[in-house]
Amino acid sequence: MSDWTKMSKDELERQYSPSRWSLRMSADDVIRAHVAALKSGTEKARAVTQTLIDVPYGDGDREKLDVYLPSSPSPDLPLVIYLHGGYWQFLSKDESGFLAPPLVQKGVVVVAVGYSTAPTGNMDLMVSQVRRSVACVIQQYSHISGLYLCGHSAGAHLAAMVLSTDWSEYDVSPQIKGALLVSGVYDLQPILSTYVNEPLKMTGEVALRNSPSHFLSQLKVSSTSCDIIVAVAQNDSPEFRKQSEEYFKALESAGLAVSLEDVPDTDHFSVIEQLADEHYSLTQLLLKMMGKS
Ligand SMILES: N[C@@H](CC(=O)c1ccccc1NC=O)C(=O)O
């Protein structure tokens, strides 16, 4: 696989256009179908679980989260925070509850976090928002048995930044027990010169200070006992696959408990959509991580 620094702008943009790599449908159709699947999955989740919608975790407009709760409270109550994808510019928490039903059914609390996507928000703000959301959840839900993170695409990037947080600047120091990072971007430098950065307007410095690949020693300190699964779709682009493989290798070299899951017969979108299905491999892995399979 060639190095991104040697790629033309066109090739880099192709590599960082997840929809162009789907084998299921055209680029436009796969995005339409993705949004539709997330919306209908979230509507279903809201119909079959108890919810708390638009709970603020800060003063900002988008600084709200949705909570999906099991109906019978049990003493063993894991909580998973979901950070949605959409290239830091699309989607919101409002269609990010689709993964709740199979988890809630097993007695897990699911929290979908909102954050200020670009162009309203910028990368520094989004990273600070998701960190604050995690701190807020741990303060409000101090009785939970374990805190877990799950993120897709841009959300996997944000989840990796949460794992790399120096919590000394916060009121709490959350002990995250496990993280499922799905088809993420862990080095932001390759996207700097692409269309993805148009609304984000990141400088090289912003990209560097928000790249999880540059904060491995902080992650090791803050998330020593966190089980990490780096998952990637079989049909993600070579660059996306390389992002996951390299982050996995770096975590492994740092001595963390990490595994790489290459999910067969999935593309960038189906790899996360299928979390709505209790029989899907990643749903089972997430439940197993929480001791709920
Ligand atoms: N231009 C991007 C768009 C994209 O990634 C996206 C668009 C809408 C909702 C989610 C998206 N990506 C990942 O979650 C693509 O080629 O797929």
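The values are calculated or read from the model by the stated rules, or taken from the named source; none is laboratory data. Computed from a prediction, not measured in an experiment: that's the story for all the values here. Cβ placement follows ideal geometry from the backbone for every residue including glycine, while neighbour counts extend to all protein chains displayed. Just the protein is used for accessible areas: all its heavy atoms, side chains included, with ligands, DNA and RNA removed. Shrake-Rupley method; radii C 1.70, N 1.55, O 1.52, S 1.80 Å.
Provide the per residue accessible area, probe 1.4 Å, for the stretch 46-109, rounded to a whole number of square angstrom.
Result: 41 Å² per residue.
In the chain, which whole DSSP H runs stretch at least 15 Å along their own axis (Cα) and average -0.5 or higher on the Kyte-Doolittle scale?
Values: long enough: 27-48 (32 Å, -0.03); 123-140 (26 Å, 0.48); 238-253 (22 Å, -1.44).
Those that clear 15 Å and a mean of -0.5 are 27-48, 123-140.
Give, rounded to the nearest 20 debye, the magnitude of the charge dipole that the chain has about its Cα centre when Lys and Arg contribute +1 at Cβ and Asp and Glu contribute -1 at Cβ. Don't skip to the answer; put the middle values down first.
On the way: 24 positive and 35 negative charges, 70 e Å.
The dipole of the chain has a size of about 340 debye.
As a test question: what accessible area, to the nearest 10 Å², does residue 227 have when a 1.4 Å probe is rolled over all protein chains in place?
70 Å²
Would you mind classifying the chain by shape? Square roots of the alpha carbon gyration tensor eigenvalues, ordered a ≥ b ≥ c; an a/c under 1.5 is rounded, otherwise it is prolate if a/b is larger than b/c and oblate if not.
rounded
Among DSSP beta bridges whose residues both lie in the stretch 4-289, state the antiparallel percentage, nearest 5.
25 percent
Taking H as built 1.01 Å from N, whose amide H comes closer than 5 Å to the amide H of residue 259, not counting residues under 5 places away?
Amide H neighbours of residue 259, under 5 Å, 5+ apart: 228, 229, 230.
For the stretch 4-289, which whole percent of the accessible surface, found with a 1.4 angstrom probe, sits on carbon and sulfur atoms?
Numbers: 5820 of 11550 Å².
Solvent-exposed carbon and sulfur of the stretch 4-289 make up 50 percent of the total.
Within the chain, count lysine pairs with alpha carbon atoms under 15 angstrom apart where the residues are 8 or more positions apart or belong to different chains.
10
For the stretch 157-233, report the accessible area per residue in Å² (1.4 Å probe, heavy atoms, rounded to an integer).
37 Å²
So for the stretch 4-289, taking the charge dipole from beta-carbon charges (+1 Lys/Arg, -1 Asp/Glu), which of 118, 35, 218 sits furthest toward the positive end?
The Cα lying farthest towards the positive end belongs to 218.
Go through 205, 261 and list them by solvent-accessible area, largest first, probe radius 1.4 Å.
These residues rank, largest area first, as 205, 261.
Ignoring everything except DSSP H segments at least 4 long, calculate the 222 nm mean residue ellipticity for the chain; use -39,500 (n - 2.57) per segment, divide by total residues, nearest 500.
Result for the chain, helices only: -11000 deg cm²/dmol.
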